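**Student:** Right, I'll just put the structure down here and ask away after.
The values are calculated or read from the model by the stated rules, or taken from the named source; none is laboratory data. All values reported here derive from a predicted model rather than from experimental measurement. Here Cβ is always computed from backbone atoms with ideal geometry, including for glycine, and neighbour counts include all displayed protein chains. In case anyone asks, the SASA skips ligands and DNA or RNA and just uses the protein heavy atoms, side chains included. Shrake-Rupley method; radii C 1.70, N 1.55, O 1.52, S 1.80 Å.
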Amino acid sequence: MSTDDTVRHADGRGESREERADRRWNELLQELRVAQTGTQILFGFLVAVVFQPRFTELGTTDRMIYVVTFCLGAATTGALVAPVAVHRLVAGRRLKPETVQWAARLTLVGMVLLYLTIMSTFLLIMRMVLDNGVAMWLLIGMAAWVGLCWFVVPIVTRLRGKGDNGDEKGGRRAEDGYGPWPH
């Protein structure tokens with residue numbers, strides 16, 4: 001491997017573009033395993049709900065919340081399984097870096113959809129057991145908490161930390177193009 005094929009990073013890794021793609025792909029697969037498990041359990045719950053005897057007692061608003069929640073769950077499942085389809089359809093064509101980029105984008109979209117699915121499910125359940133006003137306040141609190149954990153903390157960490165290229169501003173895009181969004 002010549003030095004021209006190696007991407008130098010401030011973290012001391014001297015990886016080729018392909019080695020970095022392989023490492024990033026393996027990291028992404030680990031993340032997807034966690035997200036897909038939660039999504040499968042939640043979506044399974046949503047499928048089962050419609051067959052419960054109490055489902056017929058739901059009012060129009062709660063049925064609409066359920067429909068939106070179910071659609072979000074299906075979209076989440078699609079987005080979080082999509083990286084596997086992308087990989088399978090382009091495997092063997094020497095497109096691993098591009099595959100990792102698309103998979104990272106789809107995973108991020110899937111995480112946003114999962115966030116919305118969880119919040120919608122939370123609202124539906126809270127409306128079943130509590131007064132609507134209390135349910136909404138709890139939803140706002142839970143949405144803020146999960147949003148803080150999933151999105152705010154990583155964004156703040158990225159902005160305050162060092163980037164992949166060693167700059168003090170972590171918000172800069174990695175020079176090798178492996179961030180989730182294109183230039």
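**Student:** For region 58-75, in order, what is each residue's ³J(HN,Hα) by Karplus, 6.51 cos²θ - 1.76 cosθ + 1.60 with θ = phi - 60°, in whole Hz (x at glycine and Pro)?
**Tutor:** 5, x, 4, 4, 5, 5, 5, 4, 4, 4, 4, 4, 5, 4, 4, x, 5, 5
**Student:** Through the Karplus equation 6.51 cos²θ - 1.76 cosθ + 1.60, θ set to phi - 60°, convert the phi angles of region 101-110 into ³J(HN,Hα) values in whole Hz; use x for Gly and Pro.
**Tutor:** Values, residue by residue: 4, 5, 4, 5, 5, 5, 5, 5, 4, x Hz.
**Student:** Describe numerically, in nm with one decimal, the distance between label points set 7 Å from Cα along Cα→Cβ at ILE125 and at GLN30.
**Tutor:** Between ILE125 and GLN30, the label points sit 2.9 nm apart.
**Student:** When the Karplus curve 6.51 cos²θ - 1.76 cosθ + 1.60 is applied with θ = phi - 60°, which whole-Hz ³J(HN,Hα) does each residue of region 144-154 get, with x for Gly and Pro?
**Tutor:** Computed from phi, the couplings for region 144-154 are 5, 5, 5, x, 4, 5, 7, 10, 5, 4, x Hz.
**Student:** Please list CYS149, CYS71 in order of solvent-accessible area, largest first, computed with a 1.4 Å probe with all protein chains present.
**Tutor:** Heavy-atom accessible area, descending, gives CYS71, CYS149.
**Student:** Right, something else. Give the long-range amide H neighbours of SER16: residues separated by 5 or more places, or on another chain, with amide H under 5 Å away, using H modelled in the peptide plane at 1.01 Å from N.
**Tutor:** VAL7
**Student:** What's the FRET efficiency of GLU18 with VAL68 using the Cβ-Cβ distance as r and R₀ = 45 Å, to the nearest 0.05?
**Tutor:** 0.60
**Student:** Kindly sort TYR66, TYR115 by accessible area of their heavy atoms, largest first, with the probe set to 1.4 Å.
**Tutor:** Most to least solvent-accessible, the answer reads TYR115, TYR66.
**Student:** Something else: Using 7 Å Cα-to-Cβ label points, what is the ALA144/THR37 separation (nm, one decimal)?
**Tutor:** 3.1
**Student:** Here is a follow-up. Taking a cut-off of 28 Å, what percent of all Cα-Cα pairs in region 1-140 are separated by more than that?
**Tutor:** In whole percent, the long-distance tail amounts to 38.
**Student:** Once label points are set 7 Å from the Cα along Cα→Cβ at both VAL153 and VAL112, what is their separation, rounded to one decimal in nm?
**Tutor:** Roughly 2.1 nm, to one decimal.
**Student:** Going by accessible area, probe 1.4 Å, with all protein chains left in place, what is the ranking of VAL100, VAL156, VAL34, largest first?
**Tutor:** VAL34, VAL156, VAL100
**Student:** Continuing with the same structure: Give the residue list of trypsin sites (Lys or Arg not before Pro) in region 80-164 that are DSSP loop and have at most 14 other beta-carbon atoms within 10 angstrom.
**Tutor:** The qualifying sites are ARG93, ARG94, LYS162.
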